[in-house]
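Read the structure below first, then the notes.
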Amino acid sequence: MSLTGPAFLGAVLVGTIATFVAVVFLWPTLAGPNVAKIAARAGLLLTVNFLVVLTVATQLNAQYQWYADWTDLRASFGGAETAIALSTGATASHAASKKVAGPAAKAGRVLPPLPLGRMSQKGVISYTVRGPLSGITATVVVQLPPYYTNPGNARVRYPVLQTFPAIPGDTRIWIDTMNLGGVVAREAAAKKVAPALIVSPQVEVPPGVDTECVNGSPGNPQVETWLTRDVPNWVAHTFRVKTDRASWATIGLSAGAWCAAMATMLHPAQYSAAIILGGYFHPDFGPVYYPYPPNSKVPDRYDLAALTRKNPPPVALWMETSHVDTLSYHSSAAVIKAARPPMSVDAVVLQHAGHRLTVWEPLVPVSLRWLGRNVSGFTPAP
C-alpha cells in the first residue's frame with residue numbers, strides 16, 4: 001500500500017470517521033466521575049484528535065511529497081539513502097570557463113556606503129530595490145562574507161551566490177533556515193570554496209503570487225528580468241563583487257531550483273553554474289496564475305529539457321533528484337540524459353528521498369565543494 005496512494009489515504013480517512021462515530025455512540029456509556037471512565041473518555045478524545053491530525057498530515061504529504069514512500073519515511077528515522085552519482089556532457093570546469101557573449105552586470109566605479117545601522121551581527125542587510133528594466137520594486141536580502149568590512153579587505157572582490165526559495169517561500173529561507181552564509185563560511189575556512197556574497201531576491205512578485213520566476217505577457221510581472229538583469233546590476237553597483245561569469249552562480253530548492261536552473265541556462269553570460277535541489281525544468285504554474293494568453297508560444301522558451309536537447313548552453317549544473325520525487329524526477333532525468341558539451345551536468349539521484357528540507361540540507365556542503373573545485377570564481381585561494 002503506497003504512502004501517498006488513494007488506498008492508504010482512504011483507509012486513514014475512513015478510520016478517522018469510524019472512530020469519531022464510535023465515540024459519539026460510546027460517550028453516554030462513559031459518563032460519570034469514575035476514574036476508569038474519565039480515563040476512557042480522555043483516551044477516546046486523544047485518539048480522535050490523533051487521527052484527525054494524521055488525516056491532515058497524510059493528505060498534505062501526498063500533495064507535497066515530503067515523504068515519498070515507506071522506505072523514505074523509515075530512512076528519516078535513521079539509515080543511509082541509496083544514491084547514484086551521474087555526470088553527463090562536458091566537465092563542469094570546462095563549461096564554467098567558456099566565454100559567453102551577452103548582457104551581464106558591470107561593476108560600479110563608486111559604491112555606496114553600507115547601511116551599517118541596518119546590518120545584523122551576521123552581516124545581513126535587507127534592501128528595497130527598484131529594477132529599472134523590469135519595473136519591479138521588491139526586497140533583496142544580502143549576507144556579506146565574513147570580514148567584508150575589515151579595512152584590510154577593502155580591495156577584495158567576492159563571487160556571488162544568488163539564491164532562490166521554494167514557492168510559497170520566504171526570501172530569507174536560505175539565510176535563516178538553511179544558514180547558507182554559515183555553511184559557506186565553514187567551507188571557506190576549510191579551503192573548500194571561496195567566501196561569497198549571498199544574494200536573496202524576492203521571487204513572489206507581487207507577494208503571494210507564484211510567477212515561477214518568468215516574464216509574463218504585457219501587463220504581468222517581468223520577474224525573469226528582475227532576477228537576472230536588475231538584481232545582478234544592482235549588486236555589481238552596490239558591493240565589491242567580481243563580474244566575470246565564473247564568479248556568479250545560483251542555488252535553489254524545489255520551485256526555487258527551477259528558478260536557479262532557468263536563470264543560469266537562459267542567461268549564461270551572467271551565471272556559469274547552478275545548484276539545483278529537488279528542482280524541475282519547466283514552469284509549474286498553479287491554478288490561480290497563468291501569465292500567457294491561450295496558444296502562446298512564449299512558454300516554449302522555458303522548456304529547459306528541450307533547450308538541452310537542441311542547444312545546450314555552456315553552464316555547469318549540480319543537481320539532486322529522486323526516483324520517487326514526482327515533481328522533480330522526470331524533467332531532471334530528461335536533462336541528465338540530453339546533456340552534451342558545452343553543457344555539464346553532475347547529478348546525485350536518490351532512490352527513495354522525498355521533497356523536503358531534511359533531504360537537501362546535508363547536500364548543501366557537498367554542492368558547495370563541487371562549486372569550489374570546478375568553478376574558478378569560487379575556487380579558494382591557496
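Helices in the chain that qualify as membrane-span-like (whole DSSP H runs, Cα extent of at least 27 Å along the helix axis, mean Kyte-Doolittle hydropathy of -1.0 or higher) are 6-26, 35-64. Within the listed set 181, 169, 256, the residue fluctuating most in the Gaussian network model of the chain (springs between alpha-carbon atoms under 10 angstrom) is 169. This model, with +1 at the C-beta of Lys and Arg and -1 at the C-beta of Asp and Glu, gives the chain a dipole about its Cα centre of some 1280 debye. The modelled label-to-label distance for the pair residue 285/residue 157, using points 7 Å beyond Cα in the direction of Cβ, is 4.0 nm.
Output the relative contact order of region 83-378, whole-number percent, from Cα pairs under 8 angstrom with separation of 6+ residues. Could the numbers behind the result be given before it?
On the way: 667 pairs, mean separation 78.2, N = 296.
For region 83-378, the relative contact order is 26 percent.
The chymotrypsin sites (Phe, Trp or Tyr not before Pro) of region 235-309 include none that meets both criteria, a DSSP state outside H, G, I, E and B (loop) and at most 11 other C-beta atoms within 10 angstrom of the site's C-beta.
Place +1 on the Cβ of every Lys and Arg and -1 on the Cβ of every Asp and Glu in the chain, take the dipole about the Cα centre, and give the residue among 127, 190, 211 whose Cα lies farthest towards its positive end. The Cα lying farthest towards the positive end belongs to 190.
Each label point was placed 7 Å from the Cα along the Cα-to-Cβ direction; for residue 49 and residue 110 their separation is 6.4 nm. Between the C-alpha center of region 328-359 and that of region 143-192 there is a gap of 25 Å.
Treating each Cα of region 126-263 as one equal point scatterer and applying the Debye formula with no solvent, the log10 of I(q)/I(0) at q = 0.09 Å⁻¹ comes out as -0.26. Considering only 246, 370, 44, and ranking their Cα positions along the charge dipole of the chain that arises from unit charges at the beta-carbon of Lys, Arg, Asp and Glu, the one farthest toward the positive end is 246. Largest mean-square fluctuation among 190, 306, 31, in a Gaussian network model of the chain whose springs join Cα atoms under 10 Å apart, belongs to 31.
Using the Kirkwood radius over C-alpha pairs as Rh, can you work out the diffusion coefficient of the chain via Stokes-Einstein at 4 °C, viscosity 1.567 mPa s, in µm² per second? If you can, show how the numbers build up before the last one.
Details: Rh = 22.6 Å.
Here the translational diffusion coefficient equals 57 µm²/s.
Here the Gaussian network model covers the chain, with springs between Cα atoms less than 10 Å apart; of 261, 189, 249, 189 fluctuates the most.
Bear in mind that the values in this text are calculations on the coordinates, not laboratory data. Remember, it's a predicted structure, so these values are computed and weren't measured experimentally. Cβ atoms come from the backbone with ideal geometry, glycine included; neighbour counts cover every protein chain shown.
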